[in-house]
Amino acid sequence: RLERFTLQLGEVLLVLRNSLKAGHSFLQSLQSMIEELPSPAREEFQRLHRQVALGVPLEDALQAMALRIPSREFGLLATAVLIQRQVGGNLVEILENIEETLLERIRLRKQLRAATAQGRLTAWVIGLLPPSFALLLRVLDPAMWKLLLTEPLGRLLLMMAILLEIGGVMIIRRVIRVE
């Protein structure tokens with residue numbers, strides 16, 4: 001849901017920017033977004049609009065939304081709107097700059113996902129191969145499986161295999177993680 005919301009932020013900015021260019025207020029633009037956007041962005045901005053309609057100051061409602069949605073990209077948008085409301089300036093121009101930044105970040109995130117796909121697949125294979133082998137051993141040679149569970153050396157080997165398995169998956173995750 002968070003990933004879908006983050007991917008919708010480009011569309012959110014486009015609708016908001018075009019509505020503001022047409023001369024609508026921020027709240028009218030918010031209503032336009034609610035009417036035009038799909039889920040989950042619609043629900044989140046609907047909640048924001050409801051809070052403002054109930055008398056919560058826009059700044060407080062926007063900060064609550066930023067806390068509720070742990071997205072750096074949305075945090076950037078919320079911060080920009082809050083600063084613009086306090087300091088002033090051309091919100092449309094600010095939104096255009098944010099839109100460029102967000103779209104670039106989303107594009108880079110997709111490229112990183114594609115670049116690390118092989119590492120993730122390797123982690124899955126390494127993670128699933130030993131349990132699959134153990135299940136196959138249990139089915140094909142139950143006597144050998146029983147020795148692994150009953151003999152002290154067999155239990156030691158199983159424990160070592162589990163620890164090495166966990167260590168291998170952790171190392172691969174660390175290698176493919178990009179900060």
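The values are calculated or read from the model by the stated rules, or taken from the named source; none is laboratory data. Please read all numbers here as calculations on a predicted model, not as lab measurements. Neighbour counts run over all protein chains shown; Cβ positions are idealised from the backbone, glycine included. Surface accessibility is based on the protein's heavy atoms, side chains included, excluding ligands, DNA and RNA. Shrake-Rupley method; radii C 1.70, N 1.55, O 1.52, S 1.80 Å.
Net charge in the neighbourhood of Leu13 (other residues with Cβ under 11 Å of its Cβ; Lys, Arg +1, Asp, Glu -1) is -4. Subtracting the Cα-Cα distance of Asn18 and Leu82 from their residue separation scaled by 0.36 nm leaves 21.1 nm. Based on the Kirkwood approach, the hydrodynamic radius assigned to region 1-104 is 13.6 Å, with every pair of different Cα atoms included. Karplus-derived 3J(HN,Hα) values for region 96-108, using 6.51 cos²θ - 1.76 cosθ + 1.60 with θ = phi - 60°, are 4, 5, 5, 4, 4, 5, 5, 5, 5, 5, 5, 4, 5 Hz; glycine and proline are entered as x. What percent does the relative contact order of region 113-179 come to when contacts are Cα pairs within less than 8 Å and at least six residues apart? Result for region 113-179 is 48 percent. The phi torsions of region 143-155, fed into the Karplus equation with coefficients 6.51, -1.76 and 1.60 and a -60° offset, translate into couplings of 5, 5, 4, 5, 5, 5, 8, 9, 7, x, 5, x, 5 Hz, rounded to whole numbers, with Gly and Pro shown as x. Shown for region 1-147: the carbon plus sulfur share of the solvent-accessible area, taken with all protein chains present and a 1.4 angstrom probe, equals 60%. For the chain, the solvent-accessible area with a 1.4 angstrom probe is 66 square angstrom per residue.
P(r) tail, the chain: Cα-Cα pairs separated by more than 25 Å, 53% of all pairs. Using only the C-alpha atoms, the convex hull of region 46-100 corresponds to 83 Å³ per residue. Protection proxy ranking for 151-162, 69-80, using the average of other Cβ atoms within 10 Å per residue and placing the highest first: 69-80, 151-162.
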